[in-house]
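Have a look at the structure below, then the notes.
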Amino acid sequence: MGVGVEEEEGAINGGEEGPGPGLAAATHDRWALLPPAQGSARPSARYEHAAEVVQDKLYVVGGSRNGRSLSDVQVFDFRTSKWSALLLSPSRDSNQLNLENNAGNQPFPALAGHSMVKWRNMLLVVAGNSRASTSNKVSVWFIDLETDSWSAVDTYGKVPMARGGQSVTLVGSRLIMFGGEDNKRRLLSDLHVLDLETMIWEEVKTEKGGPAPRYDHSAAVYADHYLLIFGGSSHSTCFNDLYLLDLQTLEWSQPDTQGAHITPRSGHAGMMIDGNWYIVGGGDNASGSTDTIVMNASKFVWSVVTSVSVRDPLACEGLTLCSTTVDGEKFLIAFGGYNGKYNNEIFVMKPKPRNFVQPRLFQSPAAAAAAASVKAAYAVITATDEKTKDIVATDDLDVKRAESGSSSKQMVAEIDALNGEKGELESRLAEIRAENSKLKDKLDTVKLSYSELTKELRSVENQLAAEGSRCQKLESQIAAAHKRLESASSLENELEALQQQMSQAEQTMTTSQRRKSGGVWKWVGGTAEVSDNE
């Protein structure tokens, strides 16, 4: 999914040009090309840029083209259908971080793979790949739309490492960043939160079971309570998995999805509208994704909204997707991307209202496991309800058309029978729930016993560690004693040798004295030698 060689510039035939100028070109669940007004020059085609709609204007910041990062800010006015370049000047605010980027008349940094969100009257730009930056930490910039100025902002706390291809979502005054790829092409799966009131970063430690390290994925927040992560890629594989993070318990789960089969994709763009998560574009290293899909975030049901041709500008990677509201109607806005050539066209679509009833309850993995035994019974009851509704509808229609009441009475009897069956199933469901409650109590008891056994095990481990320490000391003492014994044995051998030498010396001296004296018997016999002195 790297940058390729751009094909010849030419007219883009993707999408459908609407019947009139502006957002009126949009139709329900169908993409329409939104051309600029006559004489308005289009901006440079690009991908891996960032975009946001603020007050009827689409702001496009940076991006990549032919391996070169861009630093321009382009603005499309939906009221006039004209493009213009926003000339930014560095802010004179003294509370800035990268002074080399803010000094003089330096333009906004050239970025690609960055993220952008609207915050108050400003655009907040986060992370991204920049050859000009020498920092190995994530940078944050503000673009003030009232003063047409920009500034790099000091952030504090545990500032994450620099990266690109991450996802960034805004929940209240907190910005949530997940994953990406660092400057050494290492894939990341870390989660960081930036408090925009204090500009303090915090690394969030979540429970295990989260997404594999990835980049160029999409993320969204549902009901300010759940973070959704979809797709993306590693260096060799694209994903089509869906992960859910409970922002209160910080527990990951992989909900079971229903509906259409969704192919793996990376470099796509997503937007949440009224609990429906729209996904556009992306690719799988072989071809672009031609379908625009939507997932109802409360039911985890995927469906295909519309499809385009393989060479369509919407079947590309690195595009952006925004939304805006005009006269109470909501619109999706897609721009840019790369699918063998770089694109600079705007496409609009008006999502068809989608009303879903009986939303699925979000559950942690433990709660989902506890409820698995009642799922089948609940499905039977739901099916019975649907069948009952169908019979009631059929009954109403037959009553209007039939002249006799015999068939109506038969239908009522059948409905009563089904209601009786439903009551039995509800009774079974209540019994199963009671049994699950008992099992939960047993599980709590087991957990408590496990906790106590764990404490006892740690106590035994500490005792074993103490005994092990004593054994090591004894071994050291034994080794020292062995050395002393070896030394004593050597001394004994030397003493024995000296004793033998002394014994030999004594024997020699005795023999010598005997030879000198001649012995007692010689003296008695008068044969003893007389000394010279005599």
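The values are calculated or read from the model by the stated rules, or taken from the named source; none is laboratory data. As the structure is a computational prediction, the values presented were derived from the model and not from experiment. Every residue, glycine among them, receives a Cβ derived from its backbone with ideal geometry; neighbour counts consider all protein chains shown. Side chains are part of the model used for accessible areas, which takes the heavy atoms of the whole protein and leaves out ligands, DNA and RNA. Shrake-Rupley method; radii C 1.70, N 1.55, O 1.52, S 1.80 Å.
Quick one: in the range 400-452, of everything that is at pLDDT below 80 and of a type in the set (Lys, Arg), which residue is least open to solvent (accessible area, probe 1.4 Å)?
That would be Arg428.
Look through Phe300, Phe335 and report the one residue that is farther than 22 Å from Phe78 by Cβ and in contact with a Ser or Thr (Cβ under 7 Å, 6 or more places away or on another chain). Show your work before the answer.
On the way: Phe335 fails: farther than 22 Å from Phe78 by Cβ.
Answer to the selection: Phe300.
Pairs, please: C-beta under 6 Å, at least 6 apart or cross-chain, first residue under 14 Å from Trp302 (Cα atoms) and in the range 266-277, second among the basic types (Lys, Arg) and in a loop (DSSP other than H, G, I, E, B)?
If the second residue must be among the basic types (Lys, Arg) and in a loop (DSSP other than H, G, I, E, B), the pairs left are Asn276/Arg354.
Residues checked against (1) modelled with pLDDT under 95; (2) in a loop (DSSP other than H, G, I, E, B); (3) of a type in the set (Phe, Trp, Tyr):
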{"position": "Glu100", "(1), (2), (3)": "yes, no, no"}
{"position": "Gln106", "(1), (2), (3)": "yes, yes, no"}
{"position": "Pro109", "(1), (2), (3)": "yes, yes, no"}
{"position": "Leu124", "(1), (2), (3)": "no, no, no"}
{"position": "Thr134", "(1), (2), (3)": "yes, yes, no"}
{"position": "Phe142", "(1), (2), (3)": "no, no, yes"}
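Checking Asp154 against (1) over 21 Å from His217 (Cβ atoms); (2) in contact (Cβ under 8 Å) with a residue 60 or more places away in the chain; (3) open to solvent by less than 50 Å² (accessible area, probe 1.4 Å): exactly one of these is not met. Which one?
(2)
Mind listing whichever residues of the range 176-217 are open to solvent by 60 Å² or more (accessible area, probe 1.4 Å) and out of contact with any Gly (no Cβ under 9 Å at 6 or more places or on another chain)? Walk me through how you get there before you give the answer.
From the range 176-217, those open to solvent by 60 Å² or more (accessible area, probe 1.4 Å) are 183-186, 197-198, 200, 202, 205, 207-208; that's our starting set.
Matches in the range 176-217: Lys184, Arg185, Arg186, Glu197, Lys205, Glu207, Lys208.
Check Val221 against each of (1) in contact with a Gly (Cβ under 9 Å, 6 or more places away or on another chain); (2) within 14 Å of Val168 (Cβ to Cβ); (3) open to solvent by 20 Å² or more (accessible area, probe 1.4 Å) and name the one condition it does not meet.
It is condition (1) that Val221 fails.
Let's see how each residue does on (1) open to solvent by less than 50 Å² (accessible area, probe 1.4 Å); (2) under 17 Å from Gly318 (Cβ atoms); (3) among the β-branched types (Val, Ile, Thr):
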position: Leu227; (1), (2), (3): yes, no, no
position: Thr237; (1), (2), (3): no, no, yes
position: Tyr243; (1), (2), (3): yes, no, no
position: Glu251; (1), (2), (3): no, no, no
position: Gln254; (1), (2), (3): no, no, no
position: Thr263; (1), (2), (3): no, no, yes
position: Gly267; (1), (2), (3): yes, yes, no
position: Gly270; (1), (2), (3): yes, yes, no
position: Ile273; (1), (2), (3): yes, no, yes
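Taking only pairs six or more apart or across chains, which ones have beta-carbon atoms under 8 Å, a first residue in the range 502-514 that is at pLDDT below 75, and a second residue that is part of a helix (DSSP H, G or I)?
Partner pairs satisfying both residue conditions: none exist.
When you check Thr263 against the structure, is it of a type in the set (Ser, Thr, Tyr) and free of Cβ contacts under 8 Å to residues at least 12 places away in the same chain, yes or no? Steps first, answer last, please.
Working: of a type in the set (Ser, Thr, Tyr): yes; free of Cβ contacts under 8 Å to residues at least 12 places away in the same chain: no.
So Thr263 fails the test.
For Ser44, indicate whether it is among the hydroxyl-bearing types (Ser, Thr, Tyr), in a strand (DSSP E or B), surrounded by fewer than 18 Cβ atoms within 10 Å (Cβ to Cβ) and modelled with pLDDT of 90 or more.
Details: among the hydroxyl-bearing types (Ser, Thr, Tyr): yes; in a strand (DSSP E or B): no; surrounded by fewer than 18 Cβ atoms within 10 Å (Cβ to Cβ): yes; modelled with pLDDT of 90 or more: yes.
No: the conditions fail for Ser44.
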